[in-house]
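Worksheet for the structure shown next.
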Amino acid sequence: MANFVPPARNVPGVIDRDTGVAVHIQLRELLRRYAEDSLQPGAQLPSERDLSERFGVARMTIRHAIDSLVEEGVLDRVVGLGTYVSKPKFDLQVRLTSYSEEMQRRGMTPAAQVLSFEQIPATARLARELKLDEGQAVIRFRRLLLADEEPMSVDENFIPAWRVPGILDLGPPTSLYNLLSEKYGLVIEWGEDTIEANAATPSIARLLKIDMGAPVLRLERRAYVAREVAVDYSVSFYRADRYKLRVPLQRPGARPRRTY
């Protein structure tokens, strides 16, 4: 969040008390135009006290106007800090594309910080997901993913070690799916995701630079190279303040819509 608090005198416009339009609605539209035309995402708005003095209205009226814009997603209110212009939320869609490809498609610069790239014994959960024996070797690849230097998600992938011999000697891959395809012939054909809301644990909150207990989207993915051959099981935690879930729907029996 930005630290600079602009003065309310920067907000253009006046309140017309003779139009019959409620004052809080006029204020809402003045603040909307100011946020959209004069401020960048993440920039802070003037304080409620300053706005109250600038427009000669009660702070409750200012708060009413701001509340409306918060509900619309135009503004974000952070308790104890102030009100900010909302940053755009990215559609979290069910795609079997790499993170780098997705961020580049959005015009952002992707980056990744490797947290671990190692071989571990399969836990009971991993053995069940990857159809292995408990204790069998699994490759664990954990990363903090960033876009324009801002943390976006924490991703953790698990792959049966016997399918990717020598992978640790190659070093952490830039694109895991590309490496699986080009080096090991494991072309991901389909997958299934489970998405749920979670509260950020202390470790996830620290990595994503959010408050402990803040909402995150937990995405659990199973990726397959054939009908029932799982080669990747992953768990990702996305910042809920930067992502929204978009799910295309279609009525049963309707003609499929082609997408590219």
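Of the conditions (1) out of contact with any helix residue (DSSP H, G or I) (no Cβ under 8 Å at 6 or more places or on another chain); (2) assigned by TED's automatic domain parsing to the domain that holds residue 145; (3) modelled with pLDDT under 85, residue 188 satisfies every one except a single condition; which number is it?
(1)
On the given criteria, is residue 179 out of contact with any His (no Cβ under 7 Å at 6 or more places or on another chain) and surrounded by 12 or more Cβ atoms within 10 Å (Cβ to Cβ)?
yes
Please list, ordered by residue number, the helices (runs of 4 or more DSSP H) wholly in the stretch 159-220 having 2 or more residues that are of a type in the set (D, E, K, R).
So the answer is 176-184.
Here is a check on your reading of the model: is residue 118 at pLDDT 90 or above and not assigned by TED's automatic domain parsing to the domain that holds residue 69?
Yes, satisfied.
Pairs, please: C-beta under 8 Å, at least 6 apart or cross-chain, first residue under 11 Å from residue 10 (Cα atoms) and in the same structural domain as residue 68 (by TED's automatic domain parsing) and in the stretch 30-50, second hydroxyl-bearing (Ser, Thr, Tyr) and crowded, with 18+ Cβ neighbours inside 10 Å?
45/34; 45/83; 45/84
Given the conditions (1) touching a strand residue (DSSP E or B) at 6+ places or on another chain (Cβ under 6 Å); (2) of a type in the set (A, V, I, L, M, F, W, C); (3) more than 20 Å from residue 221 (Cα to Cα); (4) at pLDDT below 90, report the number of the one that residue 103 does not fulfil.
Checking residue 103 against (1) touching a strand residue (DSSP E or B) at 6+ places or on another chain (Cβ under 6 Å); (2) of a type in the set (A, V, I, L, M, F, W, C); (3) more than 20 Å from residue 221 (Cα to Cα); (4) at pLDDT below 90, the one that fails is (3).
Condition first: out of contact with any helix residue (DSSP H, G or I) (no Cβ under 6 Å at 6 or more places or on another chain) and either modelled with pLDDT under 90 or of a type outside the set (A, V, I, L, M, F, W, C) (or both). Now tell me which residues in the stretch 36-48 satisfy that.
36, 37, 38, 39, 40, 41, 42, 43, 44, 47, listed by residue number.
Answer yes or no as to whether residue 207 is in the same structural domain as residue 234 (by TED's automatic domain parsing), under 18 Å from residue 110 (Cα atoms) and aliphatic (A, V, I, L, M).
Yes.
List every residue pair whose Cβ atoms lie under 9 Å apart, where the two residues are 6 or more positions apart in sequence or sit on different chains, the first residue falls within the stretch 135-151 and is more than 18 Å from residue 206 (Cα to Cα), and the second residue, located anywhere, is surrounded by 14 or more Cβ atoms within 10 Å (Cβ to Cβ) and basic (Lys, Arg).
139/163
The values are calculated or read from the model by the stated rules, or taken from the named source; none is laboratory data. It should be emphasised that the depicted structure is a prediction, and the values quoted were computed from it without experimental measurement. In this analysis, Cβ positions are derived from the backbone assuming ideal geometry, glycine residues included, and neighbour counts consider all displayed protein chains.
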